[in-house]
Amino acid sequence: MGRLRRTAAAGRPPDDGLTVTIQRGDPGARTGFRVATFTPMTVLDVLLAVQREHDPSIGFRFSCRVGMCGTCGVRVNGRSVLACQTPVPENGEPVAIAPMAGFPVVRDLIVDTTPFWDEWRRVTPYVVPAEDAAEPARIAPDSPERRAIDPSLDCVQCGVCFSSCGIAGGSRTFLGPAALNRALVLVNDSRDTATQERLDLVSGPDGVDRCHYIYGCSSACPKGLDPAASIRRLRRGR
Amino acid sequence: MTAVQFAFLAGLTVVSAAIVAFTALVLLSARRIDGGPHLLAVLRARLGRSPYDLAEGNRWAFYVHRITGFAVFAFLALHLLDVGLYALSPALFDEVHALYSTPLMRVFECGLLFALLFHALNGLRLLVIDLADVGARAAGRLLDGVGVLTFAGTAAGSAVILWPVFAP
Amino acid sequence: MPSDDAVHYEELTTDVAIVGAGGAGLMCALHCHAGAPGLDITVISKGAVGRSGCTRMVQGGYNAVIDPADSLDAHLVDTLRGGKYLNDQRLADALVRDAPKVIRELETTVGCFFDRRPDGAIKQKAFAGQSFDRTVHRGDLTGIEIMSRLRDQMFRIGARELEDVRALDLVFDAEGELAGMTCLEIATGRFILVRARVVVVATGGAATMYRIAAPAREKTGDGVAMCLRAGLPVRDMEMMQFHPTGLLAGASRMTGAVLEEGLRGAGAHLFNARGERFMASYDPERMERSTRDVVARASYTEITAGRGTEAGGVLIDISHLGAEAVERSFPGMVQRTRQIGQDLATGPVEVSPTAHFHMGGVVIDPHCRTAVDGLLVAGEDAGGVHGANRLGGNGVAESTVFGCRAGDTAASMAGGRGLRTPDPASVAASFARALAPLDGPGTESPFPLTRDLKDLMWADCGVVRDAKGLSEARTALAALGERARRLAVPGPAVFNPAWQEALDVRNQLIVARTIVESALLREETRGAHARSDFPDRRDDVWLRSIRLTSDGPDSDPRLWTVPVEFPLRGPDADAESGGAR
């Protein structure tokens, strides 16, 4: 792998190169780059190539590189994605990378996701168990409870849905897709005892009624979850 | 031009300016909140069917719904005043309403028709989405329907409205 | 940048400072809070709290004895056999005994929900190297469930979180008592001195120093390097586990990401490029369900013998179970392979051994205490639990079990330890050392240095080693160390990944050296440590653990060996010794 990268860096600009534009925070910082492509190549690979071959000072964040940590959220050609889960276009179209919308920018592509976590925190995201729960509950995998919960698990709290929602990133508070999805899981979880508090919150002024049916969350979720459906179900269920 | 006609046109100018300003406000704040409107991205998504652009249509519907809502409201506010003139003086009313048959006003009315149709039909679509919980994909298809109906309605209505301008 | 003696820093005082926010760190915070609710707890994480590190990346699951048909003894024997009897048996016993308790805690109080059997009880699936199907899981992305729920618990207990803060060095007072540590806030570039009664180190291992490696970016051996710099002894550093099924994705960063062990547990076959199920000639009895060390070495042997694929891998194939069944049981893995243009559900996928887990680490006792009073180590930073090879599913068990234990110990220890005043000179020296590469006079960029280290370790201290390669690695590491002294990075102090990479590679170099030195000393093949010049396991000489300590970053490490104790079970009691090839 190192060999591939080195030839590409040393040689003349290859025909299958990719033009990348990166939104930078520092005035005067270089924004246009051309990197050699390989297959498979993700946007994260593009960022790493830019960092290693062109500009080591570029700021971006990543950790696990396989879609589990949820820290490499950026905007690619206008829309929020996880960089590690987004393949570069095969037709050589230029790629524009910008920080995720809806969050304050810290530096270059790094954003401060505090607004997301503030909302997440509000739904009491942890289970509030009954006092006497000592043994794991016996819950059949095909029970209605699990059928309601299972499709909504595996959220990685990357904030991509928050950033793709037309409402959550705005100035008025809205719990947002991820927090509401979490609320739905806990509302359905028979081990939890804080159901009513959560239902009161989600049916309140910052809850499900602020959803405007844009479906940005569901179409952007890198884990294939459907927070919009969770919001609908919370509406029906309350 | 009479004084009342001048007042009406001044009011109309204010209304138009307000609509333009509101549109700019919606699109600019959208840029901050969710990345903003990407007309090209929408087209690319429609043509290339890239999966993460599934919601682009809905996103545009959301913006346009807001803008048309405001536009209809702003115009109706003015329209209430000019209709109210009848109670004051039918002559003044006639003076103002003579303006409505000028070509410029007719074009404006076509825009108004579009706004009304889209806002109403999209409102019905949102009702369906909410009640039937149809999901993102079907919501997109319903939006296609809203688009077709809106454009058909606007085209037919515009033909009627603009007919006197082009008719001999 | 200000000159060395003018480094400004802020001071923060806390009762318990936990470095690392993975499974061990957060479990520790939770138990520390439960044990003594009044304590001021600070969690320091180089990345995002609860989201960086490797517990999050756990796919397969968690080994725990919860079925009445299973027994703690069987789990212990599996762990010791898997570890080729190099384990500290008291630690392995603590792991086995506590794992069921911690699983219950994760379910009932932390709020994880693991997969269920049709009758509603917790389901356990098959993993390699185990006598009983005892791996608890949530789909094939178990780590997300565990870490997300632990992260949520942090909101409940309200621990202070220093996110994007890198711990630099442990600092001591004038009498040599632990006083806290120096830190660098990555997001702002500002230095922080954390004074604490108890420090818990739980940062995770250093496997990222290999060209093909599985872990998250953060895992650069920071904790172990920090402890080494403070003079603590480490053990079994030569034991670096290679997972047999790492994804091969060309030049993409995804290369090395693990395809989970459950695939082999569920009956996946491994083929070489000629289409032979090569495990038949390495472990005909257990075939692909053999332990990781055996399978990884077999794959590596096939690849180096020219029987691998063009890209340098072998093929894993589970499609004979039916595409639908594979997609249902391993959705995450299927998606991962599709992303690179292959498909686990319908055909074979190219895999290679990938550096995965460091069994070696700081010497601890079952309560996570170390040679330094007030310093606890838990998780992958600690050594001894897994011996020479870790069983799949014992990793997240270790981090959570010993995280809990560290938390319990910290809670009872914090009351009895006063706050110490760190020696100002060493604090200043630590900050100056960290600041040196930033806009420094050197010429060395950290990225080529990291790449060269990865290539070196992969080639000369990888799956199979020999004296010649290891000696060369020793020389080459010294040269890399020389280059590391000339590191320089441009740009602002704020969120500067290049600067962070420079600090990472320094730590990696410290740990790499201990691995190479220990590997040179152990002249046998045991578990993850394979020597082509000493291909046999030599129980007569080498039932010994290699210890290592160094007096300073630049001084030569001192090595000695300690015989393994067998308080619970001797290697002779084991008819089938899981022999090393």
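Out of B:PRO103, B:PRO37, B:PRO90, any idea which swings most in a Gaussian network model of chain B, alpha carbons joined below 10 Å?
Maximum fluctuation in the GNM of chain B, among the listed residues, is at B:PRO90.
Over all directions, how big on average is the projection of the convex hull of the alpha-carbon atoms in region B:110-166, in square nanometres?
3.7 nm²
How far is it, in nm, from the label point at B:ALA98 to the one at B:LEU76 when both lie 7 Å from their Cα along the line to the Cβ?
About 3.0 nm separates the two model spin labels.
Chains C and A: buried accessible surface, both sides, probe 1.4 Å, rounded to 100 Å²?
5500 Å²
Can you compute the radius of gyration and Dmax for chain B, using only the Cα atoms, both in Å?
19.0, 60
Taking a probe of 1.4 Å, how large is the accessible area per residue of region C:243-353, in Å²?
Counting only protein heavy atoms, the per-residue value for region C:243-353 is 34 Å².
Residue by residue through region A:95-106, which ³J(HN,Hα) values in whole Hz follow from phi under the Karplus form 6.51 cos²θ - 1.76 cosθ + 1.60 (θ = phi - 60°), with glycine and proline marked x?
Calculated HN-Hα couplings, in order: 10, 10, 10, 9, x, 4, 6, x, 10, x, 7, 8 Hz.
Provide the per-residue ³J(HN,Hα) series for region B:87-99, in order, calculated from phi with Karplus coefficients 6.51, -1.76, 1.60 and θ = phi - 60°, each as a whole number of Hz, with x at glycine and proline positions.
5, 6, 6, x, 5, 4, 4, 5, 4, 5, 6, 5, 5
Would you kindly state how much longer the chain becomes between A:THR173 and A:GLU93 on full extension, computed as 0.36 nm times their sequence separation minus their alpha carbon distance, in nm to one decimal?
25.1 nm
As an exercise, use a Förster radius of 56 Å and the Cβ-Cβ distance of B:TRP163 and A:THR31 to find the FRET efficiency, rounded to the nearest 0.05.
E(calc), rounded to 0.05, equals 0.60.
How far apart, in nm, are the 7 Å Cα→Cβ label points at C:GLU10 and C:THR188?
With each label point 7 Å from Cα toward Cβ, the separation is 0.3 nm.
Per DSSP H run of at least 4 residues, take -39500 (n - 2.57); add these up for chain C, divide by its residues and hand me the 222 nm value, nearest 500 deg cm²/dmol.
Value at 222 nm, helices only, nearest 500: -10500 deg cm²/dmol.
Would you kindly work out the equivalent ellipsoid of region C:243-353 from its C-alpha gyration tensor and give its semi-axes, the square roots of five times the eigenvalues, largest first in whole Å?
Values for region C:243-353, descending: 20, 17, 12 Å.
What is chain C's relative contact order, in percent, from Cα pairs under 8 angstrom and six or more apart in sequence?
About 21 percent, as a whole number.
What is the set of long-range amide H partners of C:GLU161 at a cut-off below 5 Å, with H atoms built 1.01 Å from backbone N?
C:VAL43
With no solvent and one equal point scatterer per Cα, compute the Debye intensity ratio I(q)/I(0) for the protein assembly as shown at 0.06, 0.08, 0.10 Å⁻¹ and report its log10, rounded to two decimals.
So the normalised log intensities are -0.46, -0.78, -1.17.
Of all beta bridges DSSP finds with both residues in the protein assembly as shown, what is the antiparallel percent, to the nearest 5?
Roughly 65 percent of the DSSP beta bridges within the protein assembly as shown come out antiparallel.
Could you tell me how many degrees, from 0 to 90 and to the nearest 10, lie between the Cα long axis of helix C:23-35 and the main elongation axis, the longest principal axis, of the Cα atoms of chain C?
Approximately 60 degrees, to the nearest 10.
At 0.36 nm per residue, minus the direct Cα-Cα distance, what do C:SER532 and C:ASP119 gain on full extension? Give it in nm, one decimal, please.
This chain segment gains 143.7 nm when fully extended.
Please report how far the C-alpha centroid of region C:220-282 lies from that of region C:499-543, rounded to the nearest whole angstrom.
15 Å
Out of region C:502-548, which trypsin sites (Lys or Arg not before Pro) are coil in DSSP terms and have no more than 16 other C-beta atoms within 10 Å?
Here the trypsin sites (Lys or Arg not before Pro) that fit, given the DSSP loop and packing criteria, are C:ARG538.
Which whole number gives the average count of other chain Cβ atoms within 10 Å of the Cβ atoms across peptide C:150-163?
3
Give the cysteines in chain A for which no other Cys Cβ lies under 4.7 Å away, or write none if there are none.
Here A:CYS72, A:CYS84, A:CYS155, A:CYS158, A:CYS165, A:CYS211, A:CYS221 come out as lacking a disulfide-compatible partner, given the Cβ-Cβ threshold of under 4.7 Å.
Between region C:39-91 and region C:285-343, what is the separation of their alpha carbon centroids in Å?
That distance is 24 Å.
Have a look at region A:36-75 and report residues whose accessible surface goes down by 50 Å² or more when the remaining protein chains are included, against the chain on its own, probe 1.4 Å, ligands and DNA/RNA excluded.
A:PRO40, A:ARG52, A:PRO56, A:ARG61, A:PHE62, A:SER63, A:ARG65, A:VAL66, A:MET68
How big is the gap, in Å, between the Cα center of region B:57-101 and the Cα center of region A:143-221?
Between the Cα centres of region B:57-101 and region A:143-221 lies a distance of 39 Å.
Only Lys, Arg, Asp and Glu count, each charged at its Cβ (+1, +1, -1, -1), so figure out the dipole size of the protein assembly as shown about its Cα centre, rounded to 20 debye.
Dipole magnitude for the protein assembly as shown comes out near 1580 debye.
Sticking with the crude label model, points 7 Å out along Cα→Cβ, report the distance from A:ALA140 to B:ALA87 in nm, one decimal please.
6.8 nm
Could you grab the relative contact order for region A:107-238? Cα pairs under 8 Å, six or more apart, rounded to a whole percent.
Relative contact order here is 31 percent.
Given the options A:ALA29, A:PRO40, A:VAL66, identify the residue whose Cα lies farthest towards the positive end of the charge dipole of chain A (+1 on Cβ of Lys, Arg; -1 on Cβ of Asp, Glu).
Value: A:ALA29.
Over all pairs of distinct alpha carbons, what does the Kirkwood formula give as the hydrodynamic radius of region A:5-105, in Å?
The Cα-based Kirkwood calculation yields 13.9 Å.
The values are calculated or read from the model by the stated rules, or taken from the named source; none is laboratory data. This one's a predicted model, so the numbers in the text were calculated from it and none came from an experiment. Using ideal geometry, Cβ is built from the backbone for each residue, glycine included, and neighbour counts are taken over all protein chains shown. The protein model used for the area step is the full one, side chains on, heavy atoms only, and it has no ligands, DNA or RNA in it. Shrake-Rupley method; radii C 1.70, N 1.55, O 1.52, S 1.80 Å.
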